[in-house]
1. Would you check which residues across the range 22-36 are touching a strand residue (DSSP E or B) at 6+ places or on another chain (Cβ under 8 Å) and either at pLDDT below 95 or surrounded by fewer than 19 Cβ atoms within 10 Å (Cβ to Cβ) (or both) and list them?
2. Residue 335 versus (1) part of a helix (DSSP H, G or I); (2) modelled with pLDDT of 95 or more; (3) within 29 Å of residue 184 (Cβ to Cβ); (4) in contact with a strand residue (DSSP E or B) (Cβ under 6 Å, 6 or more places away or on another chain): which is the lone unmet condition?
3. Would it be correct to say that residue 280 is surrounded by 23 or more Cβ atoms within 10 Å (Cβ to Cβ) and not in a helix (DSSP H, G or I)?
4. State all residues of the range 54-67 that are in a helix (DSSP H, G or I) and under 23 Å from residue 21 (Cα atoms); if no residue qualifies, say none.
5. Could you list, in sequence order, the residues of the range 303-332 that are at pLDDT 95 or above, buried (at least 17 other Cβ atoms within 10 Å of the Cβ) and in a loop (DSSP other than H, G, I, E, B)?
6. Just to verify a result, which residue in the range 75-101, among those that are modelled with pLDDT under 95 and in contact with a helix residue (DSSP H, G or I) (Cβ under 7 Å, 6 or more places away or on another chain), is surrounded by the fewest Cβ atoms within 10 Å (Cβ to Cβ)?
7. Can you tell me which of (1) closer than 20 Å to residue 160 by Cα; (2) in a loop (DSSP other than H, G, I, E, B); (3) at pLDDT 95 or above is the one residue 245 doesn't meet?
């Protein structure tokens with residue numbers, strides 16, 4: 001059978017994901033890439049036509065087919081048909097739509113190997129972040145994967161690297177507190193910009209925001225019940241990158257030098273001398289894949305501080321599209337080829353930077 005990856009949505013994740021899959025489809029073992037777009041718009045025609053030029057095939061609802069054709073975009077498949085013939089479906093629709101699509105379409109598509117949802121789709125399936133809990137994936141059993149949000153990727157990578165590795169048991173972490181300073185909106189978006197910093201509520205009575213809650217569930221797949229995680233969130237009047245401030249308390253004594261050694265051994269984390277989001281964002285624009293680096297976090301190492309041998313403080317930047325893109329591709333290739341997906345993913349290695 002052909003390996004077909006179907007991407008639902010053409011937003012800030014769906015569009016670059018479709019392009020990335022087309023660009024590396026031979027190396028990733030993909031035979032065909034399809035994508036679904038619901039509404040025909042003149043403003044979106046240029047990006048749809050470019051995805052078609054790259055080799056992707058368009059799908060839409062039967063009621064929208066004529067609209068796309070009138071605008072010069074010819075769909076190859078109807079929405080349901082594209083899902084049914086796919087090997088893997090990656091849902092990149094707005095918050096909550098993935099769960100609705102699961103009920104309407106995915107639960108009935110028995111021939112599809114697996115489904116992946118993004119970000120705020122709590123309950124869709126097993127939480128997943130590339131490099132964090134790959135060892136928990138069970139072929140033939142884990143058919144629904146939930147790629148955690150970009151900031152949860154960052155948060156989990158910080159915990160795993162600074163508190164759990166180099167022979168440290170996972171119970172080395174005593175507690176962790178994070179402040180997620182989110183960009184207002186993506187540079188591609190006109191709506192949702194914040195004219196001034198806006199603070200968010202702590203909606204979760206245990207973990208604060210969904211970032212720490214999702215990290216808790218992510219680590220639960222590894223058998224670790226981290227209850228002492230807490231996160232806060234605010235929105236800044238910037239379009240560049242999310243910024244994370246962290247405080248980890250660990251059981252065993254540590255040092256800045258020891259932490260930096262651990263970071264350098266993990267290719268998913270990058271160090272930098274840059275201290276502004278625009279400089280890190282600019283590096284991604286100039287050197288990443290279509291503007292995106294695939295590291296899970298970028299740490300300005302001069303902000304790292306250890307107080308009293310047990311309290312770790314610092315800042316880092318979240319490559320918001322990059323880490324979600326990587327986990328989406330990794331999950332899709334694992335669902336199609338669990339034995340060889342690690343080798344296939346090495347083609348993306350050039351977009352992991354030890355220094356930004």
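The values are calculated or read from the model by the stated rules, or taken from the named source; none is laboratory data. All values reported here derive from a predicted model rather than from experimental measurement. Cβ atoms come from the backbone with ideal geometry, glycine included; neighbour counts cover every protein chain shown.
1. Selection gives 23, 25, 31.
2. (3)
3. Criteria not met by residue 280.
4. Scanning the range 54-67 gives no hits.
5. 304
6. It comes out as 93.
7. For residue 245, the exception is condition (2).
Conditions tested, residue by residue: (1) part of a helix (DSSP H, G or I); (2) within 16 Å of residue 86 (Cα to Cα); (3) more than 21 Å from the chain's Cα centre (by Cα); (4) at pLDDT 95 or above.
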residue: 12; (1), (2), (3), (4): no, no, no, no
residue: 20; (1), (2), (3), (4): yes, no, no, yes
residue: 38; (1), (2), (3), (4): no, no, yes, no
residue: 45; (1), (2), (3), (4): yes, no, yes, yes
residue: 49; (1), (2), (3), (4): yes, no, yes, yes
residue: 52; (1), (2), (3), (4): yes, no, yes, yes
